[in-house]
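The next block holds one structure in the form of structure tokens; read it before the comments.
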Amino acid sequence: MPLPLFWLGAAAVSALTVNELSKDRKKQQLERFSRHTKKFVEGDKNSSTAIYPSDVFSTSQKVRPEVGAIVCCGIGGLLDHTGIWVGDNTIIEMDGNGLIKPVSVQRFTEDRTGKNIFVACDSNARCLAIETAAIRASKKIFQCEEYDMFSNNCHQFVWQCFKPNDSQLTTFKELNKRIAKYFKRQIYWDLCDIDGV
């Protein structure tokens, strides 16, 4: 009988931890607007991303995506999938077989576990976007590249739309660092206001 008690105890500790993390996230959201725009400081390992996207912890801040914005959704609770917002309810993504294609916001999350789409913003909830990235993404539609989870994935595709021919990246975390450096701002992943577009 001690095993069920162990599981109950573990569940209670997990619930308390999630509750505390949720409170911390809400506090971060409130504090972000009380300061001036938080700039990215190169070399500060904690300064690139202030708030990561999360379907677990509530995010009340909603932001309308702009053409050339970076959007993401969750995959399996551990990974993130990214794309470029090009307007008209459309995101350009590189899917798992290497095909670069336009998809609707509904299709972007359809086969993924994440139910929300998030958009990269600064501390003042301004969407971080550059129209040139959308143009570059649009020019690649229906091209098929050799997909590789580590060397040529959706994050690499998104980054190449911002800085073509730049060095390779693999992870969502590395993409965040480069976005922060590119815009000279900390990254806040806010809910994408899909209803407002």
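A few remarks follow.
- Among the residues listed as Thr82, Thr90, Thr49, the single one being in contact with a Leu (Cβ under 7 Å, 6 or more places away or on another chain) and at pLDDT 85 or above: Thr82
- In this structure, Ser60 qualifies as out of contact with any strand residue (DSSP E or B) (no Cβ under 6 Å at 6 or more places or on another chain), modelled with pLDDT under 80, over 22 Å from Lys173 (Cα atoms) and assigned to a loop (DSSP other than H, G, I, E, B).
- Out of Pro53, Pro102, one residue alone is crowded, with 16+ Cβ neighbours inside 10 Å and outside any strand (DSSP E or B). It is Pro53.
- Search result, residues across the stretch 85-110 that are over 18 Å from His155 (Cβ atoms) and of a type in the set (Asp, Glu): Asp88, Glu110
The values are calculated or read from the model by the stated rules, or taken from the named source; none is laboratory data. Because the structure is predicted, anything quoted here is derived from the model rather than measured. Glycine gets a Cβ as well: all are built from the backbone with ideal geometry, and neighbour counts include every protein chain shown.
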